[in-house]
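Novice: First, the structure itself, so that you have it in front of you.
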Amino acid sequence: MRVAFTAVPDSHLPSVDELLSIAVSAVGGSERQGQVTMVRAVQRAIDADEHLAVQAGTGTGKSLAYLVPSIRHAMDSDKPVVVSTATIALQRQLVDRDLPRLAEALGEKLPHEPTFAILKGRRNYLCRYKATAGWPEEDEQDQLFDPREVSATGRMVQRIQEWAEETETGDRDELVPGVSEQAWRQFSVSAQECLGANRCPSGAECFAELARQRAGEVDVVVTNHALLAIDAMGELPVLPEHKVVVVDEAHELVDRVTSVVTGELSEQTVSLAVRRVGRLIEQAVADQLQEAGEDLKALLAAAPPGRVDELPQVLAMTLQLVRDSAWRCVSALGPRNADKDDPDKAGQRKAAFTALDEVHDTAVRMLEAYGHDSEADRAEVVWLEGATDRRPPVLRVAPLTVSGMLRDKLFGERTVILTSATLALGGTFDGLAAQWGLGGSGEWQGIDVGSPFDHPRAGILYVAKHLPQPGRDGLPQQYLDEIAELIEAAGGRTLGLFSSMRAAKAATEALRDRLEVPLLCQGDDSTMLLVKQFAEDEPTCLFGTLSLWQGVDVPGPSLRLVIIDRVPFPRPDDPLTSARQRHVAARGGNGFMAVAANHAALLLAQGTGRLLRSQHDKGVIAVLDPRLATARYSGFLLNSLPPFWRTTDPAVPRAALKRLAAESPA
């Protein structure tokens with residue numbers, strides 16, 4: 001739906017219309033109706049203390065449209081606005097490009113030049129104290145690293161040590177090239193492990209505390225969805241006091257929050273707790289936890305991966321053993337604030353408590369996930385993730401919905417603006433609103449401010465209705481032939497989005513010798529370098545999977561064709577999505593549409609959004625899966641996509657691609 005909002009100007013500050021006009025002129029842009037509509041809607045939502053969901057297509061200029069009223073509100077209320085993103089790339093765009101230009105442009109019209117800062121989770125900052133003394137070593141001897149990996153980690157540790165002497169921020173992202181999680185973990189602490197600024201010998205110069213201090217003094221704080229969730233749901237605030245939150249890339253919010261509240265139990269988590277507590281309590285008590293961990297290890301190694309719908313007696317007994325032995329270790333450690341005057345011992349005890357709490361509380365959650373009268377009463381799902389070359393089996397537990405958490409902890413306390421290019425699935429905001437906990441509140445509005453692109457003139461959506469339905473045995477030969485013919489018509493210039501890495505690699509192997517244009521596959525090199533090569537060498541094609549569906553921004557003639565191999569439904573055996581689907585059905589809803597179809601619509605919209613990235617882009621989106629034209633749910637999926645010109649005639653996209661190829665100077 002489209003709703004026209006008019007901003008309510010403040011008596012002593014310029015209106016958002018005036019500020020937006022100044023900002024647009026400063027960045028050398030031109031006024032766009034969608035941007036004007038959005039800036040007014042955001043201002044009205046802030047004034048009315050009402051939640052707002054805004055779908056704004058690529059090219060709308062949505063970051064300016066929410067930053068302008070956010071800055072204005074910060075000036076008026078003397079409280080910061082928090083802007084949360086899902087990706088590092090958008091955080092960097094905001095902090096390095098958008099906000100500096102805005103601050104300079106608007107400074108003369110406002111009480112002071114707008115200020116801003118980026119704030120990340122504590123794990124992202126170097127811990128000075130841990131880097132210098134007194135912390136238990138991260139012993140990884142029970143993991144299967146070969147000598148080359150151990151040597152590489154040693155070199156990374158040395159790089160971190162050298163960098164630690166010169167860094168002014170302690171921000172991990174300053175380290176280029178990056179370092180492994182194993183190496184970084186030796187220099188960082190979680191919020192639960194931190195001694196606190198008042199007790200830590202390095203508290204006065206703590207990088208994380210300095211970042212928090214800077215964030216508390218600015219107008220706009222840029223953070224990520226995970227930290228936003230931790231702040232909203234934790235007992236202690238992480239972000240500075242605020243009343244307005246802007247959630248950009250809001251289509252990612254539910255998944256990121258779910259990741260934050262997912263617990264895991266494995267031989268590694270138990271062994272880590274044992275190592276950290278071992279020298280602080282009687283050996284016999286620690287040995288009980290070690291034995292419980294070994295029982296868990298043996299049980300998980302023998303169990304089949306997948307969802308654990310019913311709690312087997314042997315698993316129940318093992319989880320109880322882990323829970324009880326972890327609690328005995330906690331009790332043996334004594335008061336949590338003991339040794340507060342000895343930072344070294346306090347650090348060791350805090351690390352031990354953190355690891356033990358994680359083991360104990362996760363075991364409790366897993367045991368409490370069972371014993372309900374019906375499927376509709378179940379709150380969490382437990383599943384076993386099988387072993388890989390680098391990791392043993394892991395037992396996980398996650399909530400079947402985070403809507404209640406979000407409703408109470410995020411939306412209940414603040415005014416929230418949610419925006420993305422993809423929010424109206426099937427033409428309505430209701431699906432995502434329900435996942436956010438806003439389904440029936442009546443205290444939110446949803447608007448689609450459109451796109452500056454003329455989709456029917458700029459792009460063709462071609463559905464290969466004549467092809468067979470995709471099966472489980474890889475790509476049929478007809479699909480490979482179709483891909484080859486489309487790429488040949490386009491002269492390369494193709495982004496292939498596949499539902500699995502196996503399919504992407506199979507297509508690459510089958511077509512690399514058949515095609516005369518360069519063909520890259522995700523995994524050949526870092527994704528960033530592959531995308532750069534794809535963008536710079538016009539005839540090149542790039543095949544890949546999930547991260548490419550959402551992470552590629554290649555305007556211009558290097559991208560004329562986006563191929564999607566199949567409707568991206570979640571895997572039928574995916575434990576979390578299948579459990580959520582069943583849970584919705586048990587409560588009388590349509591589980592397939594609420595979970596699987598919403599998931600597919602979201603990814604399809606993101607994938608098709610790769611084609612048009614600038615006003616001059618043109619091209620074809622080819623979906624090889626005929627279900628997009630024939631299945632009963634096809635209307636819902638198609639209504640989730642931009643209004644491209646649609647066809648099922650194979651001759652139409654080929655002719656269009658050949659014309660575009662002929663126009664290209666390459």
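Novice: Only one of these is touching a residue at least 24 places away in the same chain (Cβ under 8 Å) and at positive phi: 404, 427. Name it.
Specialist: Answer to the check: 427.
Novice: Does residue 474 satisfy the condition of being at pLDDT below 95, crowded, with 20+ Cβ neighbours inside 10 Å and touching a helix residue (DSSP H, G or I) at 6+ places or on another chain (Cβ under 8 Å)?
Specialist: no
Novice: Of the numbered conditions (1) touching a Lys or Arg at 6+ places or on another chain (Cβ under 7 Å); (2) open to solvent by less than 20 Å² (accessible area, probe 1.4 Å); (3) among the aromatic types (Phe, Trp, Tyr), residue 383 fails exactly one; give the number of that condition.
Specialist: (2)
Novice: Is there a residue in region 634-657 that is in contact with a Lys or Arg (Cβ under 8 Å, 6 or more places away or on another chain), over 26 Å from residue 448 (Cα atoms) and not in a helix (DSSP H, G or I)?
Specialist: Checking region 634-657: at least one residue is in contact with a Lys or Arg (Cβ under 8 Å, 6 or more places away or on another chain), over 26 Å from residue 448 (Cα atoms) and not in a helix (DSSP H, G or I).
Novice: Output yes when any residue across region 440-455 is within 19 Å of the chain's Cα centre (by Cα) and β-branched (Val, Ile, Thr), and no when none is.
Specialist: Let us first name the residues in region 440-455 that are within 19 Å of the chain's Cα centre (by Cα), namely none.
No, every residue in region 440-455 fails to be within 19 Å of the chain's Cα centre (by Cα) and β-branched (Val, Ile, Thr).
Novice: Name the pairs: first residue in region 94-110 and free of Cβ contacts under 8 Å to residues at least 40 places away in the same chain, second residue part of a loop (DSSP other than H, G, I, E, B) and surrounded by 12 or more Cβ atoms within 10 Å (Cβ to Cβ), Cβ to Cβ under 6 Å, at least 6 apart or on different chains?
Specialist: Qualifying pairs under 6 Å: 103/113; 103/114; 107/113.
Novice: Scan region 577-598 and tell me whether some residue there is within 20 Å of residue 474 (Cα to Cα) and modelled with pLDDT of 95 or more.
Specialist: No.
Novice: What are the residue pairs meeting all of these: first residue in region 183-208, first residue within 13 Å of residue 172 (Cβ to Cβ), second residue of a type in the set (Lys, Arg) and in a loop (DSSP other than H, G, I, E, B), Cβ atoms under 9 Å, and 6 or more apart or on different chains?
Specialist: 208/120
Residue-wise test of (1) open to solvent by less than 20 Å² (accessible area, probe 1.4 Å); (2) touching an Asp or Glu at 6+ places or on another chain (Cβ under 9 Å); (3) not polar (S, T, N, Q).
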position: 495; (1), (2), (3): yes, no, yes
position: 499; (1), (2), (3): no, yes, no
position: 513; (1), (2), (3): no, no, yes
position: 519; (1), (2), (3): yes, no, yes
position: 540; (1), (2), (3): yes, no, no
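Novice: For residues in region 33-77 being in contact with a Pro (Cβ under 7 Å, 6 or more places away or on another chain) and not small (Gly, Ala, Ser), which is farthest from residue 114 (Cα to Cα)?
Specialist: It comes out as 60.
Novice: Sticking with this one: Take region 456-497 and flag every residue that is within 29 Å of the chain's Cα centre (by Cα) and at positive phi.
Specialist: Correct list: 474, 493.
Novice: Shifting gears a bit: Condition check: hydroxyl-bearing (Ser, Thr, Tyr) and assigned to a strand (DSSP E or B). Does residue 462 satisfy that?
Specialist: Criteria met by residue 462.
Novice: While we're looking at this one, here's another question. Can you name the residue in region 521-530 that is more than 13 Å from residue 496 (Cβ to Cβ) and among the aliphatic types (A, V, I, L, M) and is also most open to solvent (accessible area, probe 1.4 Å) among such residues?
Specialist: My answer is 528.
Novice: Residue by residue through region 307-331, note down the ones that are within 20 Å of residue 372 (Cα to Cα) and surrounded by fewer than 18 Cβ atoms within 10 Å (Cβ to Cβ).
Specialist: Passing the criteria: 307, 309, 310, 311, 312, 313, 314, 316, 317, 320.
Novice: Can you tell me which residues in region 72-82 are over 17 Å from residue 52 (Cβ atoms) and open to solvent by less than 10 Å² (accessible area, probe 1.4 Å)? It would help to see each step written out before you state the result.
Specialist: Going through region 72-82, the residues over 17 Å from residue 52 (Cβ atoms) turn out to be 74-80.
Of everything in region 72-82, just one residue is over 17 Å from residue 52 (Cβ atoms) and open to solvent by less than 10 Å² (accessible area, probe 1.4 Å), namely 74.
Novice: Specify which of the listed residues (560, 582) is open to solvent by 60 Å² or more (accessible area, probe 1.4 Å), in contact (Cβ under 8 Å) with a residue 24 or more places away in the chain and within 30 Å of residue 635 (Cβ to Cβ).
Specialist: Within the list 560, 582, the selection yields 582.
Novice: So residue 443 passes all but one of these: (1) closer than 29 Å to residue 52 by Cβ; (2) of a type in the set (D, E, K, R); (3) in contact with a Lys or Arg (Cβ under 9 Å, 6 or more places away or on another chain). Which condition number does it fail?
Specialist: Looking at each condition in turn, residue 443 falls short on (3).
Novice: When you go through 597, 629 one by one, which is the residue that is open to solvent by 30 Å² or more (accessible area, probe 1.4 Å) and of a type outside the set (Asp, Glu)? Break it down into steps so the answer makes sense when it comes.
Specialist: Details: 597 fails: open to solvent by 30 Å² or more (accessible area, probe 1.4 Å).
One residue alone meets the criteria, 629.
Novice: Continuing with this model, one more query. Tell me which of these residue 621 doesn't satisfy, since it passes every other one: (1) out of contact with any Lys or Arg (no Cβ under 8 Å at 6 or more places or on another chain); (2) farther than 23 Å from residue 58 by Cβ.
Specialist: (2)
Novice: May I pose another question? When both residues are 6+ apart or on different chains and their Cβ atoms are under 6 Å apart, which pairs have a first residue that lies in region 25-37 and is under 21 Å from residue 103 (Cα atoms) and at pLDDT 95 or above, and a second that is part of a helix (DSSP H, G or I) and open to solvent by less than 90 Å² (accessible area, probe 1.4 Å)?
Specialist: 35/65
Novice: Sticking with this one: What do you reckon, is residue 44 in a helix (DSSP H, G or I), modelled with pLDDT of 95 or more and surrounded by fewer than 22 Cβ atoms within 10 Å (Cβ to Cβ)?
Specialist: So residue 44 fits the description; yes.
The values are calculated or read from the model by the stated rules, or taken from the named source; none is laboratory data. Just so it is clear, the structure is predicted and the values come from calculations on it, not from any experiment. Virtual Cβ from ideal backbone geometry, glycine too; neighbours counted across all protein chains shown. Ligands, DNA and RNA are excluded from the accessible area calculation, which covers all protein heavy atoms including side chains. Shrake-Rupley method; radii C 1.70, N 1.55, O 1.52, S 1.80 Å.
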